[in-house]
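Structure, as structure tokens:
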């Protein structure tokens, strides 16, 4: 087990600004690129991250602290952001993500006592019993997953452009 | 074909500062993590990126512009950075990467005439004939590959910590 609250927060803090730095000002060719039908471009990934801040991580933590493992927490719709009419620019989405993440980290730090809460259990609608430390670890890995997704989607734009070098570039074969 | 010199430079410009923002100040637990024997931690990835700036991308471009396809360009040792005694901190490595990348982008912009040079051919020691635009596309995808690698390595630190959520987190099964 490697989870540690302080280290987890180091990543959670960095994700929004890392993505903001990387994505702001990029050409539409990069920003609108996806991996084909039913896959997400960078903007859709940011919207999904915002959705997680609103309806997944902190709400579930609060639910566990309040309800324990007797009551399953409500399922999280991983596609919720796709059903909304969204006229934000990616710049606005990045700003919103940065703000709501900062609020959630403050809330987490105020609410969580790592000595007491990490082993507490909740009830996941699909998985059954889960622990607070698993939820928080997943929050971190979820960030990293979506950073990796954004750069992979961009890499794939050049799948044919790299010519024979594709042999060395495993990222072009992943999903 | 999607390659476009201006857009390619957008990524090349952002990589060092994106990594600097993401990695600076992280705990050693994150920075020293790798995927097991023979794999790289974040610092080793940065050293490899620096090595590429010194001995791969721009030197090969200059070689092609000078020699054409008659002479194979010298092979690039992808493990060169592992043979060197390196006492830099990751902060120093990130700064070196940022500086040398900026120099190389300036050199590229001064040297390359996209209307004339992109279709020029060189001779790769393993692949045979390659084009300038393929080399430059590979430079970009190589950046994206290593950003993805760094976040994947970090994600894997929490492979067991996420508990049953690992089912949803494909990144933990990749290499």
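Derivation of every value follows stated rules applied to the coordinates shown; laboratory data play no part. These numbers were taken from a predicted model, which means no experiment stands behind them. Note that we place each Cβ from the backbone using ideal geometry, even for glycine, and neighbour counts take in every protein chain shown.
Out of B:120, B:144, B:26, any idea which swings most in a Gaussian network model of chain B, alpha carbons joined below 10 Å?
B:26
Mind checking the mean number of beta-carbon atoms from other chains within 10 Å of the Cβ atoms in B:117-130? Please list the in-between numbers first.
Details: counts 0, 0, 0, 0, 0, 0, 0, 3, 0, 4, 5, 1, 2, 4.
What the average comes to for B:117-130 is 1.
Roughly how many Å is it from the Cα centre of segment A:132-175 to that of segment A:38-70, as a whole number?
If you average the Cα positions of each part, the centres end up 21 Å apart.
Compute the label zone of residue A:115 within segment A:1-27: residues whose backbone N is under 19 Å from the point 7 Å along Cα-to-Cβ.
Correct set: A:4-7.
Over the protein assembly as shown, what is the percentage of antiparallel beta bridges among all DSSP beta bridges, to the nearest 5? Mind dumping the intermediate values first?
Numbers: 8 of 10 bridges.
Taking every DSSP beta bridge within the protein assembly as shown, about 80 percent pair in antiparallel fashion.
If you average the sequence gap of Cα pairs under 8 Å that are 6 or more apart and divide by the length of chain A, what percent do you get for the contact order? Kindly include the intermediate steps, with their values, before the conclusion.
Details: 162 pairs, mean separation 53.7, N = 175.
Computed over chain A, the figure is 31 percent.
Taking a point 7 Å out from Cα toward Cβ as the label site, list the nm distances between residue A:37 and the same residue in every other copy, smallest first.
Going from nearest to farthest copy, the values are 4.5 nm.
In cubic angstrom, how much convex hull volume per residue do the alpha carbon atoms of chain B span? Don't jump to the answer; show the numbers that get you there.
Values: hull volume 24.3 nm³, N = 175.
Taking only Cα atoms, chain B has a hull volume of 139 Å³ per residue.
For chain A, set up a Gaussian network in which alpha carbons nearer than 10 Å are linked by springs, and say which option among A:13, A:133, A:107 fluctuates the most.
Highest fluctuation of the listed residues: A:107.
If you count, for each residue, the other Cβ atoms within 10 Å and average over each peptide, how do B:152-162, B:122-132 line up from highest to lowest?
Those peptides, ordered most packed to least, come out B:152-162, B:122-132.
State log₁₀ I(q)/I(0) for the protein assembly as shown at q = 0.10 Å⁻¹ as given by the Debye formula over alpha-carbon point scatterers of equal weight, solvent excluded.
Debye curve over Cα of the protein assembly as shown, log10 I(q)/I(0) at q = 0.10 Å⁻¹: -0.64.
When the label point is put 7 Å from the Cα of residue B:13 along its Cα-to-beta-carbon vector, which residues of segment A:1-40 have a backbone N closer than 12 Å?
A:24-27
Within 10 Å of each Cβ of B:134-140, how many other protein chain Cβ atoms are there on average? Before the final figure, lay out the partial values.
Working: counts 8, 3, 3, 11, 9, 3, 6.
Mean partner shielding for this stretch: 6.
Which distances, in nm and shortest first, link the residue B:106 label point to the same label point in every other copy, taking 7 Å along Cα→Cβ?
Label-point separations across copies, in nm and ascending: 4.2.
Count, for each residue of B:21-34, the Cβ atoms from other chains sitting within 10 Å of its Cβ, then give me the mean as a whole number. Numbers along the way, then the final one.
Working: counts 7, 9, 2, 1, 3, 4, 5, 1, 5, 4, 0, 0, 1, 0.
Averaged over the peptide's residues, the number is 3.
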